[in-house]
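*Asks:* Before anything else, here's the structure in question.
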Amino acid sequence: MAPTPPRAASAPLPAPTPGLLLPAAPETLHPALWRAHQLGRPAGAGLPSGFAALDAQLPGGGWPQGALTELLLPHEGLGELRLLAPALAAVQAQQRCVMCFDPPASPCAWALSALGLDLQQLVLLRARQPLKGPARSRLPAPDVLWALEQALKSGHVGAVLAWLPARLPADALRRLQMAAQAHDGPVFLVRDVALRHQPSAAPLRLVLACAGADQLRVALLKRRGPPLAQPLVLALPPVLSGPAAARAQRALALRPAAQAGAAAAASPR
């Protein structure tokens with residue numbers, strides 16, 4: 001048997017090039033990459049909400065720009081405008097307009113001014129043929145969706161606030177998210193809280209609820225980051241003046257006594 005030739009010594013592996021080393025953190029590869037235990041880092045900074053406790057829990061330190069934000073609430077008038085007013089006023093301070101799509105009621109000019117909004121830079125759009133009755137809460141007006149998408153693509157709008165119905169096709173919401181990615185400002189969609197268990201293309205979803213007089217409970221339903229176990233309670237700007245608020249509190253305090261007296265008078269003797 002012929003002797004086995006000796007094996008050639010294996011050449012050492014070349015040292016890795018420093019420039020080809022992968023970074024230690026995946027989020028440094030691209031802003032869209034983030035770890036589940038930490039807040040995502042968007043490409044641009046968020047727009048401060050005016051509430052420090054909320055900004056600390058939002059990726060980017062504020063409302064996302066170039067993406068949808070869904071506000072889910074049981075009914076309109078819960079305080080959503082007071083929540084958004086500081087950010088909308090900051091957009092107007094940059095000489096950019098705020099567009100409101102299909103609000104459920106006519107806004108009060110005095111109340112908007114009291115919140116710091118500039119009425120000259122506020123544009124209100126309604127459907128040409130608005131739906132009435134129960135259908136309004138279920139079906140979107142096609143021209144409103146079209147106008148909303150065009151506004152996001154135009155590049156001439158600072159912020160968008162839209163009240164959308166429950167029955168919105170999933171592809172329509174995806175189109176709005178794609179259009180919002182080309183927009184350089186915040187986009188807020190106000191929808192019914194019953195949709196909280198349905199999937200959504202919006203990267204940020206908040207559930208709003210009343211937490212008392214001039215207080216709003218905010219639960220972060222979806223964000224690019226870990227879940228928030230406990231909701232936030234934010235103090236909103238008061239709607240009533242000091243004297244008017246005191247009168248309202250006195251009236252509420254007297255209501256149980258008045259109801260008890262009425263019940264006693266109505267009871268059979």
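Any read-out appearing in this document is the output of simple, stated calculations on the displayed coordinates, not a laboratory observation. Given the structure is predicted, the values throughout are model-derived calculations rather than measurements. Using ideal geometry, Cβ is built from the backbone for each residue, glycine included, and neighbour counts are taken over all protein chains shown.
*Asks:* Loop only per DSSP, at most 13 neighbouring Cβ atoms within 10 Å: give me the trypsin sites (Lys or Arg not before Pro) in the stretch 161-256, ordered by residue number.
*Replies:* Arg167
*Asks:* For Ala52 and Glu76, calculate 0.36 nm times their separation in residues minus their Cα-Cα distance, and state this gained length in nm to one decimal.
*Replies:* Gain on stretching Ala52 to Glu76: 6.2 nm.
*Asks:* Now a separate question. Along the stretch 82-91, what does the Karplus equation 6.51 cos²θ - 1.76 cosθ + 1.60 (θ = phi - 60°) give for ³J(HN,Hα), rounded to whole Hz, x for Gly and Pro?
*Replies:* Each residue's phi maps through the Karplus curve to give 5, 5, 8, 4, x, 5, 5, 5, 5, 5 Hz.
*Asks:* Follow-up question, since we're still on this one. Based on the Cβ-Cβ distance from Gln95 to Leu254, what FRET efficiency comes out when R0 is 30 Å, to the nearest 0.05?
*Replies:* Plugging the Cβ-Cβ distance into 1/(1 + (r/R0)^6) gives 0.05.
*Asks:* Could you check the spin-label model distance between Arg175 and Ala45? Points 7 Å from the Cα along Cα→Cβ, value in nm.
*Replies:* Those two pseudo-labels are separated by 3.5 nm.
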